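For reference, the structure is listed below as structure tokens.
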Amino acid sequence: MRKYVKIFLLLLFAVMFIGTFVFLWRKSRPEITMYEIIAPRIGTIEKKTVATGKVEPRDEVLIKPQISGIVSDVYKEAGQMVKAGDVIALVKVIPEMGTLNAAESRVNVARINLDQTERDFERAQSLFRSGVISKEEFEKSQLENNQAKEEFQNAQDNLEIVRDGISRRSAQYSNTQIRSTIDGMILDVPVKVGNSVIQSNNFNDGTTIASIANMNDMIFKGKIDETEVGLLHEGMPIKLTVGALRNSCFDAVLEYISPKSTEENGTVLFEIRAAVTIPDTVFVRAGYSANAEIILDRRDSVLTIPESAVEFVGDSTFVQCVQDSLSKPQVFLRKPIKTGLSDGISIEVLSGIKGGESIRGNKILNK
């Protein structure tokens with residue numbers, strides 16, 4: 001039994017010795033590094049930047065009441081199209097008791113004066129027909145009667161306005177009917193029936209009844225970093241992608257660059273706006289998140305190589321041109337080159353190599 005144990009231990013020791021020897025031998029061998037062989041090619045280089053933002057209507061109008069009261073009816077809801085002048089809601093006036101009492105008193109006084117002037121006018125008319133009074137006195141009595149009628153009508157209109165917010169003679173100009181001021185789509189109706197609303201005046205913006213916008217005139221509003229804003233100018237073309245519409249890309253034109261920056265989380269940003277062209281077959285909702293791709297510079301039909309193949313040493317740039325790609329290790333010759341525009345992946349080569357040459361690329365194999 002002891003004999004077999006000794007044999008096993010000797011074999012185990014021999015295997016470990018041989019394995020260690022093989023491992024050390026492999027580690028001592030020189031490494032051979034192989035590289036990709038790249039051929040320069042003619043292509044297009046574009047330097048781009050991306051601005052994030054939202055797609056919004058160019059003009060969003062807030063409809064506010066011109067009279068305070070309580071919403072009694074809402075005729076429209078968000079998403080509906082309206083024309084200028086369409087009634088959106090109706091506001092019921094809650095009269096102030098002192099003003100209401102004064103208006104009723106004015107009507108009563110005007111009625112008393114009207115009754116008196118009508119009796120005087122009938123009397124004057126009878127005397128004028130009998131030739132007792134002159135025409136001048138008759139016309140004076142007629143004038144007083146007409147004035148009393150007008151005063152009574154005005155008092156009644158004032159009472160109706162105080163009590164109901166509308167008079168029968170000017171129903172088409174009623175402040176209680178909240179009307180749209182533009183053609184467009186209703187984006188939001190924040191009030192409900194029974195809500196109290198405040199009129200718009202010099203001291204208060206008033207309660208918003210509805211917000212309306214023309215959804216056929218959309219803009220992209222976003223922000224861009226200060227390091228790139230100097231490369232932008234009005235009229236630049238933009239490609240717009242909307243996150244909610246994955247398969248859609250829209251054309252836009254840069255039309256505004258803010259002259260003043262804003263700071264967000266320590267980053268200086270400038271606001272930009274671009275007019276968006278949206279086909280009639282696509283409906284873009286207000287507030288969609290979007291990315292604007294702006295081409296800052298472009299080179300067409302130029303010699304390009306991958307930027308990863310370029311060695312940057314200070315202000316100089318070099319590439320490794322292939323002398324022998326079949327030998328192991330491969331043989332390369334370092335050449336200085338002059339580069340141009342880069343998009344972060346490919347870089348323009350202005351001079352130093354030609355289209356028929358081959359250069360070293362990325363490492364592909366270690367042996």
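The values are calculated or read from the model by the stated rules, or taken from the named source; none is laboratory data. Treat the numbers as computed from the prediction; the structure is a model and nothing was measured. Please note: Cβ atoms are built from the backbone with ideal geometry, for glycine as well, and neighbour counts cover all protein chains shown. Quick note on the areas: whole protein, heavy atoms, side chains included, nothing else; ligands and nucleic acids left out. Shrake-Rupley method; radii C 1.70, N 1.55, O 1.52, S 1.80 Å.
Each of Ile37 and Glu307 was given a label point 7 Å from its Cα along the Cα-to-Cβ line. The distance between the two points is 2.7 nm. Residues whose amide H falls under 5 Å from that of Leu296, counting only those 5 or more places apart or on a different chain, are Lys47, Lys48, Thr49, with hydrogens built in the peptide plane. Hey, what angle do you get for helix 97-130 against the long axis of the chain, alpha-carbon based, 0 to 90 degrees rounded to 10? For helix 97-130, the angle is close to 40 degrees.
For Ser134, neighbours were defined as the other residues whose beta-carbon sits under 15 Å from its Cβ, and their charges (Lys and Arg +1, Asp and Glu -1) total +1. In the P(r) worked out for segment 41-151, what percent of Cα pairs fall beyond 21 Å? Cα-Cα pairs in segment 41-151 separated by more than 21 Å: 70 percent.
Going by alpha carbons, how many degrees (0 to 90, nearest 10) lie between the helix axis of 135-164 and the longest principal axis of the chain? That helix lies at roughly 40 degrees to the long axis. Once you have all Cα-Cα distances for segment 179-304, histogram them in 5 Å bins from zero and send the whole-percent values. With a bin width of 5 Å, the distribution comes to 2, 8, 15, 14, 14, 14, 13, 10, 6, 2, 1, 1, 1, 0, 0.
The smallest convex shape that holds all Cα atoms of the chain, its convex hull, gives 358 Å³ per residue.
Averaging Cα coordinates gives a centre for segment 195-229 and one for segment 112-152; these two points are 59 Å apart. Pairs exceeding a 27 Å alpha-carbon distance, out of Lys239/Lys363; Lys48/Lys221; Lys221/Lys338; Lys47/Lys223: Lys239/Lys363; Lys221/Lys338. Subtracting the Cα-Cα distance of Phe138 and Lys335 from their residue separation scaled by 0.36 nm leaves 59.1 nm.
Applying 1/(1 + (r/R0)^6) with R0 = 51 Å to the Cβ-Cβ distance of Lys192 and Ile112, what FRET efficiency is obtained, to the nearest 0.05?
Computed FRET efficiency for Lys192 and Ile112: 0.70.
In segment 169-253, how does Rg compare with the Kirkwood Rh, expressed as the Rg/Rh ratio over alpha carbon atoms? Over the Cα atoms of segment 169-253, Rg/Rh equals 1.15. Computed log10 I(q)/I(0) for segment 258-367 at 0.24 Å⁻¹: -1.36, from the Debye equation with unit scatterers placed on every C-alpha and solvent omitted.
Take the chain with all the other protein chains still there, run a 1.4 Å probe, and you get 64 Å² of accessible area per residue.
Placing +1 on the Cβ of every Lys and Arg and -1 on the Cβ of every Asp and Glu, with nothing else charged, gives the chain a dipole about its Cα centre of roughly 3280 debye. Between Thr52 and Asn247, the FRET efficiency estimated from the beta carbon spacing at R0 = 25 angstrom works out to 0.80. Peptide packing: for 216-229, 129-142, 233-246, the average count of neighbouring Cβ atoms within 10 Å per residue gives the ranking 216-229, 233-246, 129-142, highest mean first.
Rounded to whole numbers, the Karplus 3J(HN,Hα) couplings from phi for segment 219-230 are 10, 9, 10, x, 9, 9, 5, 5, 5, 10, 5, x Hz, using 6.51 cos²θ - 1.76 cosθ + 1.60 with θ = phi - 60°, and x at Gly and Pro. In terms of accessible area, using a 1.4 Å probe and ignoring ligands and nucleic acids, Asp315, Asp73, Asp300 rank largest first as Asp315, Asp300, Asp73. In the chain, the portion of solvent-accessible area held by carbon and sulfur atoms comes to 52 percent [1.4 Å probe, whole percent, DNA, RNA and ligands not counted].
Work out how much length Ala14 to Tyr288 would gain on full extension: take 0.36 nm times their residue separation and subtract the Cα-Cα distance, in nm to one decimal. Length difference between fully extended and current span is 91.4 nm.
Note on segment 119-163: Kirkwood hydrodynamic radius from all Cα pairs is 11.7 Å, rounded to one decimal.
Angle of helix 2-28 to the longest C-alpha principal axis of the chain, folded into 0 to 90 degrees and rounded to 10: 70°. Please say if segment 238-306 is rounded, prolate or oblate, where rounded means a/c under 1.5 for a ≥ b ≥ c the square roots of the C-alpha gyration tensor eigenvalues, and otherwise the choice is prolate for a/b larger than b/c and oblate otherwise? Oblate is the answer for segment 238-306, as a/c is 1.5 or above yet b/c matches or exceeds a/b.
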